[in-house]
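Notes follow once the structure below has been shown.
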Amino acid sequence: VPTNLYDDPEFFARYSELRRSVEGLSGAPEWRALQAMLPPLGAARVLDLGCGFGRFCRYAREAGASRVLGVDISENMLARARAETDDPAIEYVLGSIDAQDFAPASFDVAFSSLALHYLPDVAPPFDMVHRALAPGGRFVFSVEHPIYTAPSHPGWVTDESDDQVWPLNRYLDESARITDWLAPGVVKYHRTVATYVNTLIEQGFRILHLEDWGPTTEQIAAWPEIGVERERPFFLLLSAEQP
Ligand SMILES: C[S@@+](CC[C@H](N)C(=O)[O-])C[C@H]1O[C@@H](n2cnc3c(N)ncnc32)[C@H](O)[C@@H]1O
(Lines give C-alpha, C1' and ligand atoms only; values in the text may rest on other atoms or scores of the structure.)
Protein backbone atom coordinates (compact mmCIF):
# COMPACT_ATOMS: atom_id res chain seq x y z
CA VAL A 1 0.00 0.00 0.00
CA PRO A 2 1.59 3.29 -1.00
CA THR A 3 2.19 5.72 1.81
CA ASN A 4 1.19 9.38 1.76
CA LEU A 5 3.13 10.01 4.92
CA TYR A 6 4.73 13.13 3.45
CA ASP A 7 1.27 14.69 3.18
CA ASP A 8 0.79 14.38 6.95
CA PRO A 9 1.20 18.00 8.18
CA GLU A 10 3.10 17.11 11.35
CA PHE A 11 5.48 14.76 9.57
CA PHE A 12 5.97 17.19 6.67
CA ALA A 13 6.81 20.05 9.04
CA ARG A 14 9.44 17.95 10.83
CA TYR A 15 10.84 16.54 7.59
CA SER A 16 11.17 20.07 6.21
CA GLU A 17 13.42 20.98 9.15
CA LEU A 18 15.96 18.21 8.52
CA ARG A 19 19.34 19.38 7.35
CA ARG A 20 18.90 17.58 4.03
CA SER A 21 15.61 19.41 3.48
CA VAL A 22 16.96 22.84 4.37
CA GLU A 23 20.30 22.62 2.58
CA GLY A 24 19.42 20.38 -0.36
CA LEU A 25 21.81 17.85 -1.86
CA SER A 26 24.86 19.18 0.01
CA GLY A 27 22.98 18.73 3.30
CA ALA A 28 22.55 15.01 2.56
CA PRO A 29 25.78 13.42 3.80
CA GLU A 30 25.55 10.45 1.40
CA TRP A 31 25.10 12.65 -1.68
CA ARG A 32 28.83 12.76 -2.67
CA ALA A 33 29.01 8.96 -2.63
CA LEU A 34 25.81 8.63 -4.64
CA GLN A 35 26.90 11.30 -7.08
CA ALA A 36 30.15 9.41 -7.70
CA MET A 37 28.07 6.40 -8.81
CA LEU A 38 26.21 8.36 -11.51
CA PRO A 39 27.21 8.19 -15.17
CA PRO A 40 27.75 11.48 -17.02
CA LEU A 41 24.34 13.12 -17.29
CA GLY A 42 25.01 15.15 -20.46
CA ALA A 43 22.05 14.74 -22.85
CA ALA A 44 20.62 11.98 -20.63
CA ARG A 45 16.90 11.36 -20.17
CA VAL A 46 16.57 11.03 -16.42
CA LEU A 47 13.91 9.46 -14.20
CA ASP A 48 13.82 10.30 -10.47
CA LEU A 49 11.63 7.96 -8.39
CA GLY A 50 10.43 9.55 -5.15
CA CYS A 51 11.85 12.92 -6.19
CA GLY A 52 10.62 14.85 -3.14
CA PHE A 53 11.47 18.54 -3.46
CA GLY A 54 13.01 17.91 -6.91
CA ARG A 55 16.56 18.75 -5.88
CA PHE A 56 18.07 15.91 -7.88
CA CYS A 57 15.85 16.72 -10.89
CA ARG A 58 17.25 20.25 -10.98
CA TYR A 59 20.79 18.99 -10.36
CA ALA A 60 20.45 16.58 -13.31
CA ARG A 61 19.46 19.45 -15.61
CA GLU A 62 22.41 21.56 -14.41
CA ALA A 63 24.60 18.54 -15.17
CA GLY A 64 23.30 18.53 -18.76
CA ALA A 65 20.33 16.13 -18.77
CA SER A 66 18.04 16.75 -21.73
CA ARG A 67 14.87 16.06 -19.77
CA VAL A 68 13.94 14.89 -16.30
CA LEU A 69 10.82 13.22 -14.98
CA GLY A 70 10.26 13.25 -11.23
CA VAL A 71 7.68 10.94 -9.67
CA ASP A 72 6.40 11.33 -6.12
CA ILE A 73 3.32 10.23 -4.23
CA SER A 74 3.16 13.34 -2.04
CA GLU A 75 1.30 16.45 -3.14
CA ASN A 76 3.18 18.43 -0.47
CA MET A 77 6.57 17.40 -1.79
CA LEU A 78 5.59 18.03 -5.41
CA ALA A 79 3.99 21.41 -4.66
CA ARG A 80 7.31 22.58 -3.31
CA ALA A 81 9.22 20.92 -6.16
CA ARG A 82 7.08 22.77 -8.70
CA ALA A 83 7.40 26.08 -6.83
CA GLU A 84 11.19 25.77 -6.89
CA THR A 85 11.46 24.69 -10.52
CA ASP A 86 11.39 26.97 -13.53
CA ASP A 87 12.42 24.62 -16.28
CA PRO A 88 10.15 23.18 -18.98
CA ALA A 89 12.45 20.17 -19.35
CA ILE A 90 11.57 18.99 -15.84
CA GLU A 91 8.20 17.32 -15.40
CA TYR A 92 6.70 16.17 -12.12
CA VAL A 93 4.16 13.38 -11.90
CA LEU A 94 2.03 12.67 -8.84
CA GLY A 95 1.70 8.95 -8.22
CA SER A 96 3.22 5.88 -6.67
CA ILE A 97 6.46 4.49 -8.05
CA ASP A 98 4.86 1.08 -8.38
CA ALA A 99 2.01 2.46 -10.50
CA GLN A 100 4.32 3.87 -13.19
CA ASP A 101 4.92 2.42 -16.60
CA PHE A 102 7.01 4.00 -19.32
CA ALA A 103 7.72 3.32 -22.96
CA PRO A 104 10.58 0.86 -23.43
CA ALA A 105 14.04 2.45 -23.54
CA SER A 106 12.69 5.94 -22.78
CA PHE A 107 15.31 6.84 -20.13
CA ASP A 108 19.10 6.66 -19.86
CA VAL A 109 19.39 7.09 -16.10
CA ALA A 110 16.98 6.09 -13.35
CA PHE A 111 17.67 7.48 -9.89
CA SER A 112 15.98 7.05 -6.53
CA SER A 113 17.06 8.51 -3.23
CA LEU A 114 15.63 7.04 0.00
CA ALA A 115 12.22 6.15 -1.40
CA LEU A 116 12.27 2.44 -2.33
CA HIS A 117 12.08 1.26 1.30
CA TYR A 118 8.51 2.62 1.30
CA LEU A 119 7.49 -0.01 -1.25
CA PRO A 120 6.33 -3.44 -0.08
CA ASP A 121 8.00 -5.21 -3.01
CA VAL A 122 10.87 -4.02 -5.18
CA ALA A 123 10.49 -6.60 -7.95
CA PRO A 124 7.72 -4.70 -9.86
CA PRO A 125 9.51 -1.31 -9.77
CA PHE A 126 12.87 -2.88 -10.67
CA ASP A 127 11.19 -4.59 -13.61
CA MET A 128 9.58 -1.28 -14.62
CA VAL A 129 12.96 0.49 -14.46
CA HIS A 130 14.63 -2.29 -16.42
CA ARG A 131 12.15 -1.89 -19.27
CA ALA A 132 12.21 1.92 -19.14
CA LEU A 133 16.00 2.12 -19.45
CA ALA A 134 17.74 2.11 -22.79
CA PRO A 135 20.53 -0.46 -23.33
CA GLY A 136 23.56 0.73 -21.35
CA GLY A 137 21.27 2.77 -19.09
CA ARG A 138 22.08 3.13 -15.42
CA PHE A 139 20.00 2.65 -12.27
CA VAL A 140 21.44 4.35 -9.17
CA PHE A 141 19.59 4.33 -5.87
CA SER A 142 19.84 4.61 -2.11
CA VAL A 143 17.66 3.05 0.57
CA GLU A 144 17.84 2.90 4.34
CA HIS A 145 20.31 0.10 5.00
CA PRO A 146 18.74 -3.26 5.91
CA ILE A 147 20.84 -3.35 9.10
CA TYR A 148 19.26 -0.03 9.99
CA THR A 149 15.69 -1.08 9.14
CA ALA A 150 15.68 -4.64 10.53
CA PRO A 151 15.36 -4.29 14.32
CA SER A 152 12.08 -4.38 16.20
CA HIS A 153 13.40 -1.47 18.29
CA PRO A 154 15.68 0.62 16.06
CA GLY A 155 17.73 3.00 18.17
CA TRP A 156 21.15 3.19 19.82
CA VAL A 157 21.75 1.47 23.11
CA THR A 158 24.83 1.96 25.28
CA ASP A 159 26.41 -1.34 26.29
CA GLU A 160 28.38 -2.14 29.44
CA SER A 161 31.62 -0.88 27.80
CA ASP A 162 29.93 2.42 27.01
CA ASP A 163 29.87 1.59 23.29
CA GLN A 164 26.99 2.65 21.11
CA VAL A 165 25.30 -0.45 19.71
CA TRP A 166 22.54 -0.81 17.14
CA PRO A 167 20.63 -3.90 18.26
CA LEU A 168 20.19 -6.08 15.19
CA ASN A 169 17.38 -8.58 15.13
CA ARG A 170 14.67 -9.72 12.70
CA TYR A 171 17.16 -9.34 9.86
CA LEU A 172 15.73 -12.22 7.82
CA ASP A 173 12.11 -11.23 8.49
CA GLU A 174 11.26 -9.24 5.36
CA SER A 175 8.13 -7.31 6.18
CA ALA A 176 6.78 -3.95 7.25
CA ARG A 177 8.37 -2.08 10.13
CA ILE A 178 6.39 0.53 11.98
CA THR A 179 8.58 3.15 13.61
CA ASP A 180 8.24 6.55 15.19
CA TRP A 181 10.44 8.51 12.81
CA LEU A 182 9.41 12.19 12.90
CA ALA A 183 5.82 11.04 13.46
CA PRO A 184 4.27 7.98 15.09
CA GLY A 185 3.38 4.92 13.04
CA VAL A 186 5.66 5.39 10.02
CA VAL A 187 5.58 2.31 7.78
CA LYS A 188 8.73 1.24 5.96
CA TYR A 189 9.55 -2.14 4.43
CA HIS A 190 12.57 -4.07 5.55
CA ARG A 191 14.25 -6.47 3.14
CA THR A 192 17.71 -7.97 3.11
CA VAL A 193 20.73 -6.81 1.13
CA ALA A 194 20.48 -10.13 -0.74
CA THR A 195 16.92 -9.32 -1.83
CA TYR A 196 17.92 -5.94 -3.25
CA VAL A 197 20.89 -7.43 -5.08
CA ASN A 198 19.25 -10.66 -6.26
CA THR A 199 16.14 -8.87 -7.46
CA LEU A 200 18.31 -6.63 -9.63
CA ILE A 201 20.15 -9.67 -10.98
CA GLU A 202 16.89 -11.55 -11.65
CA GLN A 203 15.52 -8.55 -13.57
CA GLY A 204 18.59 -8.66 -15.82
CA PHE A 205 20.66 -5.83 -14.35
CA ARG A 206 24.42 -5.98 -14.03
CA ILE A 207 25.49 -4.76 -10.58
CA LEU A 208 28.23 -2.15 -10.81
CA HIS A 209 28.73 -0.93 -7.26
CA LEU A 210 27.31 -1.47 -3.81
CA GLU A 211 28.12 0.67 -0.81
CA ASP A 212 27.39 0.39 2.90
CA TRP A 213 27.33 4.09 3.46
CA GLY A 214 28.65 5.79 6.56
CA PRO A 215 30.12 9.28 7.03
CA THR A 216 33.79 9.98 6.28
CA THR A 217 36.16 11.32 8.95
CA GLU A 218 36.09 14.73 7.21
CA GLN A 219 32.29 14.76 7.41
CA ILE A 220 32.37 13.85 11.08
CA ALA A 221 34.89 16.62 11.77
CA ALA A 222 32.48 19.10 10.19
CA TRP A 223 29.33 17.59 11.72
CA PRO A 224 30.25 15.66 14.90
CA GLU A 225 26.72 14.44 15.64
CA ILE A 226 26.80 12.09 12.64
CA GLY A 227 29.92 10.30 13.96
CA VAL A 228 27.77 7.56 15.49
CA GLU A 229 26.59 6.62 11.99
CA ARG A 230 29.94 4.89 11.46
CA GLU A 231 28.91 2.23 13.98
CA ARG A 232 26.64 0.58 11.42
CA PRO A 233 25.77 1.38 7.82
CA PHE A 234 23.02 3.97 7.58
CA PHE A 235 22.25 3.73 3.88
CA LEU A 236 22.72 1.15 1.16
CA LEU A 237 23.78 2.63 -2.18
CA LEU A 238 23.58 0.58 -5.35
CA SER A 239 24.28 1.14 -9.00
CA ALA A 240 23.38 -1.23 -11.78
CA GLU A 241 23.46 -1.22 -15.54
CA GLN A 242 20.91 -2.34 -18.07
CA PRO A 243 23.28 -4.38 -20.30
C1 LIG B 1 13.10 10.56 2.35
S2 LIG B 1 12.16 11.34 1.05
C3 LIG B 1 13.43 11.54 -0.16
C4 LIG B 1 13.15 12.63 -1.16
C5 LIG B 1 14.25 12.88 -2.18
N6 LIG B 1 14.41 11.73 -3.08
C7 LIG B 1 15.54 13.19 -1.47
O8 LIG B 1 16.43 12.34 -1.45
O9 LIG B 1 15.66 14.29 -0.94
C10 LIG B 1 11.15 10.04 0.41
C11 LIG B 1 10.24 10.48 -0.72
O12 LIG B 1 9.64 9.33 -1.29
C13 LIG B 1 8.28 9.62 -1.55
N14 LIG B 1 7.53 8.36 -1.60
C15 LIG B 1 7.27 7.51 -0.59
N16 LIG B 1 6.57 6.46 -1.04
C17 LIG B 1 6.39 6.65 -2.37
C18 LIG B 1 5.75 5.90 -3.40
N19 LIG B 1 5.15 4.75 -3.14
N20 LIG B 1 5.76 6.41 -4.66
C21 LIG B 1 6.36 7.59 -4.93
N22 LIG B 1 7.00 8.33 -4.00
C23 LIG B 1 7.01 7.87 -2.73
C24 LIG B 1 7.87 10.54 -0.43
O25 LIG B 1 6.69 11.26 -0.73
C26 LIG B 1 9.11 11.40 -0.29
O27 LIG B 1 9.07 12.54 -1.12
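With a sphere of radius 11 Å drawn around the Cβ of S26, what net charge do the other residues whose Cβ falls strictly inside it have (Lys, Arg +1; Asp, Glu -1)? Net charge in that neighbourhood comes out at +3.
As a fraction of the 1.4 Å probe accessible area of the stretch 100-234, surface on carbon and sulfur atoms comes out at 54 percent. Taking the Cα centre of the chain as origin and assigning +1 to Lys and Arg Cβ atoms and -1 to Asp and Glu Cβ atoms, the resulting dipole is close to 680 debye. Using a/c under 1.5 as the rounded threshold, could you call the stretch 168-224 rounded, prolate or oblate? The axes a ≥ b ≥ c are square roots of the C-alpha gyration tensor eigenvalues, and prolate needs a/b larger than b/c, oblate otherwise. Cα axes put the stretch 168-224 in the oblate bin. Using R0 = 25 Å, the C-beta based FRET efficiency linking E10 and R170 works out to 0.35. Distance from the Cα centroid of the stretch 209-238 to that of the stretch 41-73 is 25 Å (rounded to whole angstrom). In the chain, with Lys and Arg counted as +1 and Asp and Glu as -1 at Cβ, which of these residues, A105, V140, S152, has the Cα nearest the positive end of the dipole, that is, farthest along it? Working it through, the farthest residue towards the positive pole turns out to be A105. Subtracting the Cα-Cα distance of D212 and E225 from 0.36 nm times their residue separation leaves 2.8 nm of extension gain.
Per residue, the solvent-accessible area of the chain (1.4 Å probe, heavy atoms of protein chains only, all protein chains present) comes to 46 Å². Other residues within the sphere of radius under 15 Å centred on the Cβ of E91, judged by their own Cβ, net out at 0 (K and R +1, D and E -1). Computed over the chain, the per-residue total of -39500 (n - 2.57) for DSSP H runs of n ≥ 4 gives a 222 nm mean residue ellipticity of -7000 deg cm²/dmol, rounded to 500. Relative contact order of the stretch 108-212, taken over Cα pairs closer than 8 Å and 6 or more residues apart, is 28 percent.
Net charge dipole, the stretch 100-162: roughly 440 debye, given to the nearest 20, about the Cα centre with Cβ charges of +1 for Lys and Arg and -1 for Asp and Glu.
Rounded to the nearest 20, the size of the Cβ-charge dipole of the stretch 127-243 about its Cα centre is 640 debye, with Lys and Arg at +1 and Asp and Glu at -1. Compute the Cα gyration tensor for the stretch 148-189, then decide on rounded, prolate or oblate, letting a ≥ b ≥ c be the square roots of its eigenvalues: rounded whenever a/c is under 1.5, prolate when a/b is larger than b/c in the other cases, and oblate in all that remain. Oblate, because a/c is 1.5 or more while a/b does not exceed b/c. Taking a ≥ b ≥ c as the square roots of the eigenvalues of the Cα gyration tensor of the stretch 14-136, is the shape rounded (a/c under 1.5), prolate (a/b larger than b/c) or oblate? The shape class here is rounded.
Working from Cα pairs under 8 Å separated by at least six residues, relative contact order for the chain is 18 percent.
The values are calculated or read from the model by the stated rules, or taken from the named source; none is laboratory data. The shown structure was predicted, so the numbers you read here are calculated from the model rather than taken from an experiment. As a convention, Cβ positions derive from the backbone with ideal geometry for all residues, glycine included, and neighbour counts pool all protein chains shown. Note: areas computed on protein heavy atoms with side chains; ligands, DNA, RNA excluded. Shrake-Rupley method; radii C 1.70, N 1.55, O 1.52, S 1.80 Å.
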